[in-house]
2 protein chains.
Amino acid sequence: MLATTIHAPFDVRLSEVPDPTIDQPTDAIVRIVAGCICGSDLWSYRGENNITAGQRIGHEHVGVVEAVGSAVRTVKPGDFVVTPFMISDGSCPNCQAGMHSVCKNGGFVSNLPADGGQGQFARVPQADGTLVATPEMPDRSLIPSLLTLSDVMGTGWHAAVSARVRPGHTVVVVGDGAVGLSGVLAAARMGAEKVVALSRHEPRQRIAREFGATHVIAERGDAAEAAVLELTDGVGADAVLECVGTGQSMATAFAVARPGAMVGFVGVPHGVDVPIRTMFSKNVGLAGGVAPVRAYLPELMADVLSGAINPGLVFDQELPLADVAEGYQSMHERRAIKTLLWP
Amino acid sequence: MLATTIHAPFDVRLSEVPDPTIDQPTDAIVRIVAGCICGSDLWSYRGENNITAGQRIGHEHVGVVEAVGSAVRTVKPGDFVVTPFMISDGSCPNCQAGMHSVCKNGGFVSNLPADGGQGQFARVPQADGTLVATPEMPDRSLIPSLLTLSDVMGTGWHAAVSARVRPGHTVVVVGDGAVGLSGVLAAARMGAEKVVALSRHEPRQRIAREFGATHVIAERGDAAEAAVLELTDGVGADAVLECVGTGQSMATAFAVARPGAMVGFVGVPHGVDVPIRTMFSKNVGLAGGVAPVRAYLPELMADVLSGAINPGLVFDQELPLADVAEGYQSMHERRAIKTLLWP
């Protein structure tokens, strides 16, 4: 089959790789209907994460089950499924506590002998714990939104859960990538009264507003902080979603948080120094991490199928899988927010 | 009047200082019935915090109101009051949100032109917002427990609130000082099923058990981590109270926390590097800070007066105020857990 491989910084290719097979009785093989490129794939693309030349890349997909191992009970060939980017067995103590992203028998698909989503097929381990099937074959128009549930929408939701967004809150979202935009949608869906998106890019601002942002602040750094304080009578935000993972974004998140607030963080931290003395003096907490998107999938899938949310709007580029290299390049150059790949 | 002053590391004295006066209509003058020495006073005593030679020190007391300014409505001369270590007006947006320790018109008593508790009298600013009176004059036997509500018991409670302790939880408390022991009591009072105290000092272990610790672990570092994991079937604690503030104590706190847990921290951070990558991969959050003890005072005062809790057990030394220097020395040398001073 064909799948995406990375060979060096800025060098991704569609390559011929072995077809996946059922290796364990808990495996499933999924024929990929749609995959996509994640902002976190760009860390490897840019050479900021170590890679092994020729390794597979990608971790988000939806598809149709082709085959299942003998132990699989909850999905069957023909089911349309969403595959979370973290494999989980659903039964370990961490899964039972809703922390599927720290499953004792799972892990990140790219670190396992599994397959990511930028290809034609994928072997999915722990199929019963990991995969969630739709009740029936979804209309093609719903596929982008369902695809976001494999990562970005669940990750934005986790930022909002971690920041303990409540109805009536003023919520600031730092980061206008697909995850940040999903965080805007999550905060609005949870009943936040004011949702403030920090974004200086007009196409992203527009999606933020479609997702429920009541305010958009184009400033950065001190000016962004001042703008949030002005919006909140000098108090700061009740909850802050940090959806980037850099030192600057984390500093902004803490600066705009009101005393007693939580910062929910989901951006993979790169060069972040946590301002512990500020946390202490302002009583601002920090929670989050690798999102247990599997935990949120049933609720978010119902919202997508009912039309209550339309997170698929984050895809502003759709390409055939053969053009995956162009997909990476356009996301790297910020010409695209997020790129969907049709195999 | 007489009050405690600090002149250099290891040099505290009882000195003649001006009597406090009503400077603002919102002030009260309190005749101190009991004061005490805080573990955080030891940072200055040891020369680890900067001081100005001759400055006042101390921030915990209970007493009887002597006089009030013209604007004070909620306390009157003759009332027995607990004075939180942070002044708060009770009406600013932070106070209204329960974050009295970040009051926009208050602050730490030692940083304000106010008086701490290691003296004969204290001027208390923002008396209406800050002071909480008992319904009647308490029995002398209750005074130590009431005194803990000015700081350590409220601070231990805040650690447990920040760590989101729930009934049935397994809670680990890092730190066996007065705050850590108060954290044990808080976790037990909140319904934790297992309360694990990390302590290698027999007198502190005994108080921890009296406060509801179900397990005491004398090991430190990796061995302590292993012991907690063994106790929790390899999963870790549901909530961790970090009541020290050093790099080592914070590292232990994160090491014993289960995925999805919160670390509640109340030890003033000194040399702490927050392990952001561990937080991210394990989804362990961090919250806490300067405790809003005023927010917890009504509930905790009712618990003390009813006998439901007896946090005054943390005082294992009582001295006349004249012996304040011996009080500091014995706490510094860990001969005393916490020293009560009778003026």
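Quick notes
- Only a single criterion out of (1) within 17 Å of A:Thr278 (Cβ to Cβ); (2) surrounded by fewer than 22 Cβ atoms within 10 Å (Cβ to Cβ); (3) touching a His at 6+ places or on another chain (Cβ under 7 Å) is not satisfied by B:Leu231, namely (1).
- Sole residue being in contact with a strand residue (DSSP E or B) (Cβ under 8 Å, 6 or more places away or on another chain), not hydroxyl-bearing (Ser, Thr, Tyr) and not in a strand (DSSP E or B), chosen from A:Val72, A:Val62, A:Val81: A:Val72
- Top-ranked residue in segment A:250-265 [being more than 7 Å from every other protein chain (Cβ to nearest Cβ) and of a type in the set (Gly, Ala, Ser); ranked as farthest from A:Leu42 (Cα to Cα)]: A:Ala261
- Within this structure, B:Ala287 fails the test of being more than 23 Å from A:Arg258 (Cα to Cα) and either more than 10 Å from every other protein chain (Cβ to nearest Cβ) or in contact with a Lys or Arg (Cβ under 9 Å, 6 or more places away or on another chain) (or both).
- Qualifying position, being crowded, with 18+ Cβ neighbours inside 10 Å and at pLDDT 95 or above, among A:Ala218, A:Ala208, A:Ala226: A:Ala208
- Out of B:Ala224, B:Ala239, sole residue that is in contact with a helix residue (DSSP H, G or I) (Cβ under 9 Å, 6 or more places away or on another chain), more than 12 Å from chain A (Cβ to nearest Cβ) and in a strand (DSSP E or B): B:Ala239
- Scanning segment A:163-180 for residues that are within 14 Å of chain B (Cβ to nearest Cβ) and open to solvent by 10 Å² or more (accessible area, probe 1.4 Å) yields A:Arg164, A:Arg166, A:Gly168, A:His169, A:Thr170, A:Val179.
- Summed over segment A:133-148, the residues that are buried (at least 24 other Cβ atoms within 10 Å of the Cβ) and farther than 13 Å from A:Leu340 by Cα give a count of 0.
- Residue match in segment B:156-171 (condition: small (Gly, Ala, Ser), touching an Asp or Glu at 6+ places or on another chain (Cβ under 7 Å) and in a strand (DSSP E or B)): no
For (1) surrounded by fewer than 24 Cβ atoms within 10 Å (Cβ to Cβ); (2) touching a Ser or Thr at 6+ places or on another chain (Cβ under 6 Å), each residue gets a yes or a no:
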{"site": "A:Gly288", "(1), (2)": "no, yes"}
{"site": "A:Val293", "(1), (2)": "no, no"}
{"site": "A:Leu300", "(1), (2)": "no, no"}
{"site": "A:Gly307", "(1), (2)": "yes, no"}
{"site": "A:Leu313", "(1), (2)": "yes, no"}
{"site": "A:Glu318", "(1), (2)": "yes, no"}
{"site": "A:Ala322", "(1), (2)": "yes, no"}
{"site": "A:His332", "(1), (2)": "yes, no"}
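- Subset of segment A:84-121 (residues that are in contact with a Ser or Thr (Cβ under 6 Å, 6 or more places away or on another chain), within 14 Å of another protein chain (Cβ to nearest Cβ) and either part of a strand (DSSP E or B) or surrounded by fewer than 20 Cβ atoms within 10 Å (Cβ to Cβ) (or both)): A:Met86
- Of all residues making up segment B:144-155, the number that are among the aliphatic types (A, V, I, L, M), within 9 Å of the chain's Cα centre (by Cα) and part of a helix (DSSP H, G or I): 2
- Residue in segment B:72-80 that is crowded, with 23+ Cβ neighbours inside 10 Å and of a type in the set (Phe, Trp, Tyr) present: no
- The set of residues from segment B:290-343 being assigned to a helix (DSSP H, G or I) and over 19 Å from B:Leu185 (Cα atoms) comprises B:Leu321, B:Ala322, B:Asp323, B:Val324, B:Ala325, B:Glu326, B:Gly327, B:Tyr328, B:Gln329, B:Ser330, B:Met331, B:His332.
- Filter result for A:Pro320 (at negative phi, more than 13 Å from chain B (Cβ to nearest Cβ) and more than 16 Å from the chain's Cα centre (by Cα)): yes
- Residue selected from segment B:38-56 under the condition of a type in the set (A, V, I, L, M, F, W, C) and outside any loop (DSSP other than H, G, I, E, B), by the criterion modelled with the lowest pLDDT: B:Trp43
- Residue within segment A:242-254 that is touching a helix residue (DSSP H, G or I) at 6+ places or on another chain (Cβ under 9 Å), more than 22 Å from A:Ile337 (Cα to Cα) and not small (Gly, Ala, Ser) present: yes
- Qualifying residue in segment B:249-265 (condition: in a loop (DSSP other than H, G, I, E, B), among the basic types (Lys, Arg) and either surrounded by fewer than 19 Cβ atoms within 10 Å (Cβ to Cβ) or assigned by TED's automatic domain parsing to the domain that holds B:Gly177 (or both)): no
- Some residue of segment A:185-193 being within 14 Å of chain B (Cβ to nearest Cβ) and outside any loop (DSSP other than H, G, I, E, B): no
- Members of segment A:189-207 found to be in contact with a Leu (Cβ under 7 Å, 6 or more places away or on another chain) and of a type outside the set (D, E, K, R), listed by number: A:Val196, A:Ile207
- Residue within segment A:164-173 that is among the charged types (D, E, K, R), modelled with pLDDT of 95 or more, touching a strand residue (DSSP E or B) at 6+ places or on another chain (Cβ under 6 Å) and under 18 Å from A:Gly236 (Cα atoms) present: yes
- Residue check for A:Asp151: among the acidic types (Asp, Glu) and open to solvent by less than 20 Å² (accessible area, probe 1.4 Å): yes
- A:Val266, sole failed condition from (1) out of contact with any His (no Cβ under 7 Å at 6 or more places or on another chain); (2) under 23 Å from A:Asn49 (Cα atoms): (1)
- Hits in segment A:271-284 (condition: surrounded by fewer than 19 Cβ atoms within 10 Å (Cβ to Cβ) and within 7 Å of chain B (Cβ to nearest Cβ)): A:Arg277, A:Ser281
- B:Met137, sole failed condition from (1) under 15 Å from the mean Cα position of the chain (by Cα); (2) part of a loop (DSSP other than H, G, I, E, B): (1)
- Filter result for B:Val268 (in a loop (DSSP other than H, G, I, E, B) and within 13 Å of chain A (Cβ to nearest Cβ)): yes
- Look at segment A:58-82: where a residue is closer than 16 Å to A:Pro135 by Cβ and a partner is among the acidic types (Asp, Glu), sitting 6+ places away or on another chain with Cβ atoms under 6 Å, you get A:Val65/A:Asp79; A:Thr74/A:Asp128.
The values are calculated or read from the model by the stated rules, or taken from the named source; none is laboratory data. Everything numeric in this text was worked out from a predicted model, so none of it was measured. Counting neighbours? That spans all protein chains shown, and the Cβs are built from the backbone with ideal geometry, glycine included. Just the protein is used for accessible areas: all its heavy atoms, side chains included, with ligands, DNA and RNA removed. Shrake-Rupley method; radii C 1.70, N 1.55, O 1.52, S 1.80 Å.
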